[in-house]
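Here is the structure we will look at, set down as C-alpha cells.
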Amino acid sequence: MDFNLSTISFAAEKNFTPVDPGKVYDVLIIGGGPAGMTAAVYCMRKGVDTAIIIKNIGGQVAETSSVENYLGYKYINGVELVDKFKEQVFQFSIGYEEGQGVTAVTDGDIKSVTLDDGRVLRSRALIIASGKSWKKLGIPGEQRLTGRGVAYCTICDAPLFAGKKVVVVGGGNSGVEAAIDLASVASEVVIVQLMEELTADKILIDKLNSFNNVSMIFSSRVTEIIGEDLVKEVTVENVDTGKSSTVVTDGIFIEIGLDPNSSFASGVVEMNSASEILVDSGCATNRDGIFAAGDVTSVPFKQIIIAGGEGAKAALSACEYILKRN
Amino acid sequence: MALFDVKVQNQLKDILKNMKENVKIINFTQAIECPMCKETRAFAEEIASLSEKLSVIVYDQIADSDMIKKYGVERIPAIVLLDKDGKDHGVKFYGLPGGYEINSFLSSIIEMSGMKQALPADIASRIKKIDKDVHIQVFVGLSCPHCPAAVEVAHRLAMENSNIKGDMIDSNNFVHLAQKYNVTGVPKIIINEKYELLGAHPMNTVLDVIESLK
C-alpha cells in the first residue's frame, strides 16, 4: 500500500493572504503549474507585490505519475514535485486564490482579471501561465459518454478498466504512456494512431513492446463513440482508404495532446493558429505589461523544466517592467 | 509489518499535531472473507497510535450488528469518524483510504477535531438552509490526485449540516457498487442516488445540485 501524502497541504502556518479585489497588485499570475509557481517565487524574491490565481494546483504535473527528466530528481512522482513547488511558494506572503479559473482579462495601464465567481482583481503587470488541458476529439458520443467509458486521465481511471478492453487514441508520448499504464491492468489495449507509425520516444515504444496484449491500428482515426449508458464500441476510419470499421470496447482513453487554456485572453493578446499566446524571448506578449509563460505560450517543447524556466523569465521581465514604470 | 515506514509515521505525527480536540475512529471489519478488511483495520490502528488525540474502536460486522445499524454502515471495510463528544456527523470511508486518499482522511480527521478553516459567509448560509436528507457518495480511485478534494467537500458539508452524509468509496474495492453507478472515471459524485457530478467540484457546484433536489 502506497501513501501519496501531501505534507505541505497540512502545514499549520501558511504565509499567504487571500486575494484582495480592493488593491492594485504589481503582478498578478494566472496559473499554478511549474511556470506560474516559479514566477511567484521570483516575483516575491524581487519584493514586488504579487498575487497568484490557481485553478488546478500543479497543473499537468499533478496528473503525472512519474517525472524522470526534471534535474535534481532522478525520479519523483508528480504530486511530490508539486508539493515541493508549493512549499517554496508558501514561504512568502503572496496573495493566493485556489480553485478559481479566470473568465476574462483586460488590458490598460491597470490590467484586470475576472475570476469564475465574478470577483475582479487588478494589477500593473500580468503573467499568464494557465497551461493546457486535454484536447478532445470533438466527435459524436464523446461528451455524452465522458465518465461512462470515455476517459482522459490515465493515472486516475486506468484501474477501473482492470480485465477490460480499451482503446487508446493517439500514438505520441501521452498515448503510448497511457497504453503502457493500461496494458498492465486491462485485458487488451488497442492504439488508434493517425500516423503510419508511433511517434513516441523510443524508450516508451520499447517498453510498450514488452506487453503482448497491445495491438495497433495505424493511419486511422476514431469518428464516433457508441453506447447507451456505457461505451460499447467505437467507429474507426482508415484515412487512406476511407473505410470504416467497428471496434468493440469497454472504454476509450483520448490522448491526442493538449489545448492551451487561453480563451479568456483572446482578443487581448496575439496568439498563433493553435491559440497559443505569442511571446518574445523575454516572455513579453504584444501588449505592454502582459507576459506569458509555459505551455500556454508558443514556446516549443512543453516540459516541466522549460515551463519553470519560462516562468522565471516572465517574472524577471514583469519585475523589470514594474521597476521602469515606477 | 507496519503500513507506514518511519519517515511517513513522523510526517503523519506532525500533521496530526494540527488536531484541536479528540477524534474517535470506528472501524467496521470482519475476520475472514473481506478484501482489505485486515489492512484497513491495521491502517486505522496505526494512524490512531500516532496521536494522543486519536482513539480507535473496532467492531465486527456480525458480532456488533447493532453498531452497524447505529452508524448506518452499508458495507465493510468501513471507517466512521466521531467528534470529541462521540457524535456521528455522517463522515464515512468505505475501503482503505490509501494512496492519495490519505490526504482526505487526514483532512477530515483534522476538521472533525474542530480545526476548520472558516467557510465564506454565503456558502455557510447556503449549507445551513439545507433541510432535506442528502447522501453524497464520492467514488474514488487511490491513484487519483483529484479525488481527495471531492471527498473533502462531501465530508465538510456533512460536518456542517446534520442532514448531509458523505461517503468516500474506493471504486476498486467495491467493484460491483462502482459498476452499479457506471463509474468509469473518478472522482464521481452521486447525490441521493440520482444526481451525478463527474470530477472534483468546488463546494458551490455541489450546493447547486443539492439545492435543486426535489
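The values are calculated or read from the model by the stated rules, or taken from the named source; none is laboratory data. Values in this document were obtained by computation on a predicted structure and should not be read as measured data. Please note: Cβ atoms are built from the backbone with ideal geometry, for glycine as well, and neighbour counts cover all protein chains shown. Each accessible area value is taken on the protein alone, full model and side chains, heavy atoms only, with ligands, DNA and RNA left out. Shrake-Rupley method; radii C 1.70, N 1.55, O 1.52, S 1.80 Å.
Report the percentage of all Cα-Cα pairs in the stretch B:123-212 whose separation exceeds 15 Å, rounded to a whole percent.
52
With a cut-off of at most 15 other beta carbons within 10 Å, and DSSP calling the residue loop, which GluC sites (Glu not before Pro) in the stretch A:254-326 qualify? Please list them.
Sites meeting the loop and neighbour criteria: A:GLU270.
Tell me, what ³J(HN,Hα) does each residue in the stretch A:191-199 have, in order and in whole Hz, if you take phi through Karplus 6.51 cos²θ - 1.76 cosθ + 1.60 with θ = phi - 60° and put x for Gly and Pro?
8, 10, 10, 5, 7, 7, 8, 6, 10
Identify, among B:ILE25, B:SER51, B:ILE62, the residue whose Cα sits farthest towards the positive end of the charge dipole of the stretch B:6-112, taking +1 on the Cβ of Lys and Arg and -1 on the Cβ of Asp and Glu, with the dipole about the Cα centre.
Positive-end residue among those listed: B:SER51.
Given bins 10 angstrom wide, list per bin the percent of all Cα-Cα distances in the protein assembly as shown, short to long.
The calculated distribution, bin by bin, is 4, 17, 26, 27, 19, 7, 1, 0.
In whole Hz, what ³J(HN,Hα) sequence does the stretch A:311-318 give by Karplus (6.51, -1.76, 1.60; θ = phi - 60°), x for Gly and Pro?
Karplus values, whole Hz, x for Gly and Pro: x, 4, 5, 4, 5, 5, 5, 5.
Would you mind computing the Rg to Rh ratio of the stretch A:163-230 from its alpha-carbon coordinates, Kirkwood style for Rh?
Ratio value, two decimals: 0.98.
Ignoring ligands, DNA and RNA, how much accessible area is buried between chains A and B, both sides summed, with a 1.4 Å probe, to the nearest 100 Å²?
In total, this chain pair buries about 2600 Å².
Roll a 1.4 angstrom probe over the protein heavy atoms and tell me the percent of accessible area of the stretch B:6-112 that is carbon or sulfur.
49
May I ask you to order B:203-209, A:24-30 by the average number of other C-beta atoms within 10 Å around their residues, highest value first?
Ranked by mean Cβ neighbours within 10 Å, highest first: A:24-30, B:203-209.
To the nearest 10 square angstrom, what accessible area does A:PHE92 show with a 1.4 Å probe?
40
Along the Cα-to-Cβ line of A:SER184, 7 Å from the Cα, sits a label point; which residues in the stretch B:70-107 have backbone N less than 17 Å from it?
B:99-100
Hey, what's the stretch A:150-254 come to in accessible area per residue, 1.4 Å probe, Å²?
45
Roughly how many percent of the accessible protein surface of the stretch A:177-326 is carbon and sulfur, given a 1.4 Å probe and a whole-percent answer?
On the way: 3740 of 7470 Å².
Reported share for carbon and sulfur atoms: 50 percent.
Determine the shielding of peptide A:101-112 by partner chains: average, over its residues, the number of Cβ atoms on other chains within 10 angstrom of each Cβ. Spell out each step's value before the answer.
Working: counts 0, 0, 0, 0, 0, 0, 0, 0, 0, 0, 0, 0.
The per-residue average across the peptide is 0.
How far apart, in nanometres, would the label points at A:LYS135 and B:MET67 be if each is projected 7 angstrom from Cα along the Cα-to-Cβ direction?
Output for this residue pair reads 5.5 nm.
Please go through the stretch A:235-311 and write out the chymotrypsin sites (Phe, Trp or Tyr not before Pro) that DSSP classes as loop and that have at most 11 other C-beta atoms within 10 Å.
Loop-located and lightly packed - A:PHE301.
Using a simple charge model, +1 on the beta-carbon of Lys and Arg, -1 on the beta-carbon of Asp and Glu, nothing else, what dipole does the protein assembly as shown show about its Cα centre, in debye to the nearest 20?
960
Averaged over A:147-159, how many beta carbons belonging to a partner chain fall within 10 Å of each residue's beta carbon?
Going residue by residue through A:147-159 and averaging, the value is 6.
Could you do me a favour and compute the accessible area per residue for the stretch A:22-124, 1.4 Å probe, result in Å²?
Details: 4330 Å² over 103 residues.
Per residue, the stretch A:22-124 has 42 Å² of solvent-accessible surface.
Once you've got the GNM for chain B with C-alpha springs shorter than 10 Å, pick whichever of B:ARG41, B:ARG75, B:ARG156 has the biggest mean-square fluctuation.
Answer for the Gaussian network model of chain B: B:ARG75.
Please find, in a Gaussian network model of chain B (springs between Cα atoms separated by less than 10 Å), the residue of B:ASP133, B:ASP167, B:ASP83 whose mean-square fluctuation is greatest.
Fluctuation is largest for B:ASP133.
Please tell me the relative contact order of chain A in percent, rounded to the nearest whole number, where contacts are Cα pairs under 8 Å and at least six residues apart. If you can, show how the numbers build up before the last one.
Numbers: 754 pairs, mean separation 65.4, N = 326.
So the answer I get is 20 percent.
Can you pull out the cysteines in chain A that have no other Cys Cβ under 4.7 Å?
Cysteines of chain A left without a disulfide-compatible partner: A:CYS43, A:CYS283, A:CYS319.
Run lengths n ≥ 4 of DSSP H only: what is the helix-derived mean residue ellipticity at 222 nm for the protein assembly as shown, with -39500 (n - 2.57) per run over all residues, to the nearest 500?
Estimated from H runs of four or more residues: -8500 deg cm²/dmol.
Could you compute how fast chain B diffuses translationally, taking Rh as the Kirkwood radius over C-alpha pairs and applying Stokes-Einstein at 25 °C with viscosity 0.890 mPa s? Give it in µm² per second.
Reported coefficient: 141 µm²/s.
Over what distance in Å are the Cα centres of the stretch B:138-214 and the stretch B:1-51 separated?
Cα centroid of the stretch B:138-214 versus Cα centroid of the stretch B:1-51: 23 Å apart.
Mind checking B:100-110 for the average number of partner chain beta-carbons within 10 Å of each residue's beta-carbon? Provide the component values of the computation, followed by the final result.
On the way: counts 9, 2, 6, 8, 0, 1, 5, 3, 0, 0, 1.
Across B:100-110, the average partner-chain Cβ count within 10 Å equals 3.
Can you tell me which of A:SER275, A:SER219, A:SER245 moves the most in a GNM of chain A? Springs connect C-alpha atoms under 10 Å apart.
Maximum among the listed residues: A:SER245.
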